[in-house]
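Heads up: the structure comes next, in structure tokens.
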Amino acid sequence: MTINERLDKLKAAVKAAENEAVTAVMFHETWKPTAYDNELLERMGESFATHSFQIIRSSLRREMLLALMRLWDSNHQAIRMTKIREELRSTEVFNALVARRVSRIGITASGLPRYLNTKLDKKRDEVISLIEKYLEGGIGHATFLKIRALRDEHLAHRQITPSKASFADATDKDIEFFYEDTLEIVRLLLSLVLAVAFDLSEASKVYSHHAKFFWINARGERTEGHPNFHPPVPVAD
């Protein structure tokens, strides 16, 4: 495979990573009020509607985790963060990336290649460091194993015998750190490989805003405002 072909495959992988990251953001921001909005949880209470509310909440969480883990799959047809890391560590691929960026800018200043090399090399180091955080030997590897076990044994499949990695379930805090780091990896990759400035935290704010307007209408039939609400009958003294 030529360097240009490898670079094209790298760009395609980063574009696919962007799509999966946005999908994860959509599900995550829509799920968050169902877990942390105390007023919403109080409105739902213990009504009949709460049963479907819990199903929707669980489904949103499941789809977010599946989207997130697709970014880290080991399948050769998947995005594979490990493969992206391998290509970024290649001097040939990196030099070709810088050369394409210089050509795209179209400025012939003699110092431009060196400037871009320094600037992009810093981003490359940041991306590689964040990816390696969750690989074997990294400080986040145990978290990655727990989240992968959750995906493999309970979400993508229903495994009868749990793996050793699932001895301690992934907490919401574990998932949140992994989620934020993955979004940062994708943000850096978009800037480094595609020359695109896309702050996924801004996308999070948009979907969070939309979720607020959706969930504000959710209420159980024991809550005033629900079409099936009936005021409690006062008990005679």
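The values are calculated or read from the model by the stated rules, or taken from the named source; none is laboratory data. The structure displayed is predicted, hence computed values, not measured ones. In this analysis, Cβ positions are derived from the backbone assuming ideal geometry, glycine residues included, and neighbour counts consider all displayed protein chains. We work out accessible area using only protein heavy atoms, side chains counted, and drop any ligands, DNA or RNA first. Shrake-Rupley method; radii C 1.70, N 1.55, O 1.52, S 1.80 Å.
I'd like the accessible area for Met26, computed on protein heavy atoms only with a 1.4 Å probe and all protein chains in place. Round to 10 Å², please.
70
Within segment 1-99, list the chymotrypsin sites (Phe, Trp or Tyr not before Pro) lying in a DSSP loop whose Cβ has at most 12 other Cβ atoms in a 10 Å radius.
Sparse-neighbourhood loop chymotrypsin sites (Phe, Trp or Tyr not before Pro): Phe48.
On full extension of the chain, what length is gained from Leu155 through Arg100, given 0.36 nm per residue of separation minus the C-alpha to C-alpha distance?
15.7 nm
Hey, if you put +1 on the Cβ of every Lys and Arg and -1 on every Asp and Glu Cβ in the chain, which of Leu97, Met26, Ile216 ends up farthest toward the positive end of that dipole?
Leu97
Which value at 222 nm does the chain reach when only helices count, each DSSP H run of 4 or more adding -39,500 (n - 2.57), with the total divided by all residues and rounded to the nearest 500 deg cm²/dmol?
-22500 deg cm²/dmol
For the chain, set up a GNM with springs between Cα atoms under 10 Å and report which of Asn38, Asn19, Asn95 has the largest fluctuation.
Of Asn38, Asn19, Asn95, the most mobile in the Gaussian network model is Asn38.
Which of these, Arg219, Arg62, Arg187, has the largest mean-square fluctuation under a Gaussian network model of the chain (Cα springs below 10 Å)?
Arg219
Not counting ligands, DNA or RNA, and with a 1.4 Å probe, what is Tyr115's accessible surface area in Å² rounded to the nearest 10?
So the heavy atoms of Tyr115 present about 130 Å² to solvent.
Leaving out ligands, DNA and RNA, what percent of the accessible area of segment 1-78 is carbon and sulfur, probe 1.4 Å?
52
Accessible area per residue, 1.4 Å probe, Å², for the chain: what's the number?
Dividing the accessible area of the chain by its residue count gives 60 Å².
Here is the link list: Lys9/Lys173; Lys9/Lys133; Lys119/Lys212; Lys173/Lys212; Lys123/Lys205; Lys146/Lys212. Which ones come out longer than 32 Å on Cα distance?
Over 32 Å Cα-Cα: Lys9/Lys173; Lys119/Lys212.
Could you work out which residue, out of Glu132, Glu29, Glu86, moves most in a Gaussian network model of the chain, that is, has the largest mean-square fluctuation with Cα springs under 10 Å?
Glu86
Would you report the distance distribution of C-alpha pairs in the chain as whole percents per 5 angstrom bin, up to the bin with the largest distance?
Computed distribution, short to long bins: 1, 6, 11, 14, 14, 13, 11, 9, 7, 5, 4, 2, 2, 1, 1, 0, 0, 0, 0.
Probe radius 1.4 Å, ligands and nucleic acids left out: which of Arg148, Arg101 has the largest accessible area, and how do the rest follow?
These residues rank, largest area first, as Arg148, Arg101.
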